[in-house]
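Peer 1: Structure below; questions to follow.
What follows is calculated from the coordinates using simple rules that are stated; it is not laboratory data. Because the structure is predicted, anything quoted here is derived from the model rather than measured. Here Cβ is always computed from backbone atoms with ideal geometry, including for glycine, and neighbour counts include all displayed protein chains.
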Amino acid sequence: MWFICLDRSISVIKRIQEMEIKILSYYIHLINKCMVVAIVSLIFATTSSFAGITGSVHDFSTQGWSAGRICTVCHTPHNASQTIAAAPLWNHKVTTATYTLYTSPTMDETTVQPLGISKLCLSCHDGTLAVDSFGDQTGSTFISGEANIGTDLSNDHPISVSWTHQTIVGFGPQCTNCHDQIGEDPSKFVLPFYKYAGGPAKIECSSCHDPHNNGPPNEKLLRMSNNGSALCLTCHNR
Ligand code: HEC
Ligand code: HEC
Ligand code: HEC
Ligand code: HEC
Ligand code: HEC
């Protein structure tokens, strides 16, 4: 049903003259900007400013093995690891684990072994590699507690799953949760999507989480607050 709607909306959009598309996207853009301004003022009125990585759970600069640096554990300006295509100047050892995947009879997509961007996270969070295994050094401090997701992902929200609009029902304002303008770069959305070699947009760990803690404070490094399940409702309008 949804696919029919998307198909229709695409052909409708195609039939509109170029000028009208421009006007339409301009209005979507305007409405969105107003909403963003309103939301931003609300956030600044109700909470303190966004935190950043310094002092966050991902700031290991106080650990003896980090030489007082923050970024080096994950990134390096030179001689970066090229194991994962498109990894941002990666310095941490990369996991080689094979994962038990999430499966479900009610899901449209089939899950695949985690792809690049999520493997960066799993290089610490699956518990197979030490947190301090970066650069040339092999460390011995392993992740523990709830932060250790393990190699069994069958009890976790699916990742590396394609976004085919399967979780959005109907055509309406829920579309502008992501689309500011038609044809925008999905890696720049509030919840970013990741593309590999021109393939479909995928959801990865960092679609929901910002490893640099630039989302609201005290929300498990989430990119947006999950108050009232706002994060979930961005993609699942149920
Ligand atoms: C705990 C690991 C970790 C630490 C520490 C870390 N990063 Fe990252 N960084 C990542 C991951 C994973 C990605 C890829 C996911 C993404 O794009 O959000 C990334 C992406 C980036 C990117 C490219 C995408 C973007 O968000 O612009 C930049 C630039 C970056 N990091 C800079 C830094 C700097 C500067 C520091 C130190 C102040 C730092 N990072 C510390 C894990 C880390
Ligand atoms: C970035 C978009 C996105 C966000 C954010 C998101 N989801 Fe999902 N979720 C998906 C996609 C895509 C699937 C796969 C659906 C499919 O293929 O049928 C999925 C799958 C699921 C499933 C499994 C459905 C099944 O049929 O087994 C559940 C349950 C779920 N999500 C709940 C949540 C909850 C709860 C949150 C908030 C913590 C959340 N999702 C946040 C996109 C998202
Ligand atoms: C260099 C290793 C490393 C990498 C890479 C890494 N993390 Fe972490 N992360 C940690 C450690 C260690 C903790 C736990 C700190 C603690 O609880 O003391 C943590 C904690 C977290 C938490 C819990 C936040 C909280 O407030 O409790 C989340 C969420 C998280 N990481 C997500 C990610 C995501 C998503 C990525 C990839 C984009 C990532 N991490 C990459 C080491 C890493
Ligand atoms: C959770 C974020 C999200 C929501 C909500 C969303 N989209 Fe999208 N949409 C995307 C992403 C990501 C792409 C790029 C997909 C790809 O390239 O694989 C996309 C692509 C599209 C495209 C193809 C043209 C383009 O911009 O690349 C159309 C048309 C579209 N969406 C329409 C809609 C409609 C209609 C709705 C509301 C029913 C909607 N979208 C809601 C994320 C979203
Ligand atoms: C669809 C959104 C979504 C995706 C994708 C996602 N997470 Fe999370 N994650 C959350 C939410 C929401 C929470 C907060 C749960 C809570 O507070 O109860 C969370 C919590 C966490 C925590 C804190 C410990 C815990 O279990 O509560 C860690 C660590 C974490 N995520 C790591 C990851 C890693 C690593 C990946 C990729 C393998 C990932 N997340 C993918 C939404 C997501």
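Peer 1: Working only within segment 127-168, note down all residues that are among the polar types (S, T, N, Q) and within 13 Å of ligand 2 (Cβ to nearest atom).
Peer 2: SER154, ASN155, SER160, SER162, THR164, GLN166, THR167 - these are the residues of segment 127-168 that are among the polar types (S, T, N, Q) and within 13 Å of ligand 2 (Cβ to nearest atom).
Peer 1: So if I check each of GLY127, GLY198, which one is closer than 21 Å to VAL57 by Cα and in a loop (DSSP other than H, G, I, E, B)?
Peer 2: GLY127
Peer 1: May I ask you to list pairs of residues, at least six apart or on different chains, whose Cβ atoms are under 6 Å apart, with the first in segment 54-80 being in contact (Cβ under 8 Å) with a residue 24 or more places away in the chain and the second being aromatic (Phe, Trp, Tyr)?
Peer 2: Between residues of segment 54-80 that are in contact (Cβ under 8 Å) with a residue 24 or more places away in the chain and residues that are aromatic (Phe, Trp, Tyr), the close pairs are SER66/PHE60; VAL73/PHE60; VAL73/PHE134.
Peer 1: Filter segment 135-158 down to the residues that are within 16 Å of ligand 4 (Cβ to nearest atom) and either touching a Ser or Thr at 6+ places or on another chain (Cβ under 9 Å) or among the basic types (Lys, Arg) (or both) and list them by number.
Peer 2: Result: PRO158, single match.
Peer 1: Oh, and also: Quick one: which of HIS165, HIS179 is out of contact with any His (no Cβ under 8 Å at 6 or more places or on another chain) and closer than 18 Å to ASP108 by Cβ?
Peer 2: Working: HIS179 fails: closer than 18 Å to ASP108 by Cβ.
Exactly one of HIS165, HIS179 is out of contact with any His (no Cβ under 8 Å at 6 or more places or on another chain) and closer than 18 Å to ASP108 by Cβ, namely HIS165.
Peer 1: May I pose another question? Please work out if ASP185 is without any contact (Cβ under 8 Å) to a residue 24 or more places away in the chain, surrounded by fewer than 16 Cβ atoms within 10 Å (Cβ to Cβ) and of a type in the set (D, E, K, R).
Peer 2: For ASP185, the condition - without any contact (Cβ under 8 Å) to a residue 24 or more places away in the chain, surrounded by fewer than 16 Cβ atoms within 10 Å (Cβ to Cβ) and of a type in the set (D, E, K, R) - is met.
Peer 1: Can you tell me which condition PHE171 does not meet? The list is (1) part of a loop (DSSP other than H, G, I, E, B); (2) within 16 Å of ligand 2 (Cβ to nearest atom); (3) touching a helix residue (DSSP H, G or I) at 6+ places or on another chain (Cβ under 6 Å), and all the others hold.
Peer 2: That leaves (2) as the condition not met.
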